[in-house]
Structure formats: C-alpha cells, structure tokens
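Each remark here refers to the structure printed beneath this line.
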Amino acid sequence: MKEHQIQVRVRYSETDQMGVVYHGNYLPYFEIGRVEWLRNQGVSYKSLEENGVGLPIVSLTLNYKKPARYDDLLTVKTILREQKSVKISYDCEIYNEQNELLTTGHFLLVFVDLKTGRPTPPPDHILRILDEIEHA
C-alpha cells in the first residue's frame, strides 16, 4: 500500500490564542502519519531501532494552505514516493472534515546505522515490503 490515512483530533494545547494550530505542530501530525504508514506495513520504528537502524529526516518542505483549528478532526494522508539506495521519501497531506486540503509536506529520510551514524541500506525485510508495494 503506497498510501495510508490516519485521523488525529486537534488538541487545545496545539493552538494559539486564535484557536489556530501553531505551525510547528504540523510536524508531529506528519510524523504520526509516517510512523503509522510503516506500522501498517508490519514495521515499527521501535523494531528498526532495536535492530540498530534509524530513519532520520534529512530534508522537509511544508506548504500551509489553510489553518487547522481547535477540535478539528484531521485526516493525515501519507504517500510513499520512492525508495532509492539509503533514502526514502514521502508526500504527506492534511485534510479537515470538509475534505479541504490544509497542509502538504514532502519528507526525505535516510536509513542510518545507529552505531556509526552513517547511511546504511534498508534492512532486507524493509526492501521486500517496498518491492511488494512497488509491484502491487
């Protein structure tokens, strides 16, 4: 599955005095989307780390189109774009309950060996999953 969706409700603490989500709080929404995308494929970040592999973000681009507000039920859509060598990229979109596009993001992550801090190829089981997705 190249695409996964999850819903998250905006909490009061994530907003400013106007009831609008503070711009920095979109990053955790996108992280929830990426983590759950992986989990939906049968992989957890925790298991990656327990096996000595990290997956840090090395580049991100965000575009704010409309504000999310307190108590909105948001849909976070995460789409696998590509996996090449040690890199994996995702596009993410956040929609409100009226299905209006609020925010988009593009994320580039790199598989790293947690002992050395150096880039490393994805584990074999991840490569198998990504190959199955690509050929589905």
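When Arg69, Arg81, Arg118, Arg128 are checked against the criterion of being open to solvent by 90 Å² or more (accessible area, probe 1.4 Å), modelled with pLDDT of 95 or more and more than 21 Å from Tyr22 (Cβ to Cβ), a single residue qualifies: Arg118. Here Leu101 passes the criteria (1) within 14 Å of Tyr26 (Cβ to Cβ); (2) out of contact with any strand residue (DSSP E or B) (no Cβ under 7 Å at 6 or more places or on another chain); (3) not polar (S, T, N, Q) except the one numbered (2). Listed by position, the strands (runs of 3 or more DSSP E) contained in region 57-96 that have at least 2 residues being aromatic (Phe, Trp, Tyr) and under 23 Å from Gln41 (Cα atoms) are 87-95. Selection of region 21-56 for residues being without any contact (Cβ under 8 Å) to a residue 60 or more places away in the chain and closer than 19 Å to Lys2 by Cα yields Glu31, Ile32, Gly33, Val35, Glu36, Trp37, Leu38, Arg39, Asn40, Ser44, Tyr45, Leu55.
Of the listed requirements (1) farther than 28 Å from Arg118 by Cβ; (2) part of a loop (DSSP other than H, G, I, E, B), Val43 misses just one: (1).
So is Lys46 in contact with a Leu (Cβ under 8 Å, 6 or more places away or on another chain), basic (Lys, Arg), open to solvent by 20 Å² or more (accessible area, probe 1.4 Å) and at pLDDT below 95 or not?
no
Just one of the numbered conditions (1) loosely packed, with under 15 Cβ neighbours inside 10 Å; (2) outside any helix (DSSP H, G or I) is not true of Gly24: (2). Of Gly33, Gly19, all but one fail to be more than 17 Å from the chain's Cα centre (by Cα) and surrounded by 13 or more Cβ atoms within 10 Å (Cβ to Cβ); the exception is Gly19. For Leu108, the stated conditions do not hold, so it cannot be described as buried (at least 17 other Cβ atoms within 10 Å of the Cβ) and in a strand (DSSP E or B).
The values are calculated or read from the model by the stated rules, or taken from the named source; none is laboratory data. These figures come from a predicted structure and were not determined experimentally. All Cβ positions, even for glycine, are placed from backbone atoms using ideal geometry, and neighbour counts span all protein chains on display. Accessible surface is based on the protein model in full, side chains and every heavy atom, while ligands, DNA and RNA are left aside. Shrake-Rupley method; radii C 1.70, N 1.55, O 1.52, S 1.80 Å.
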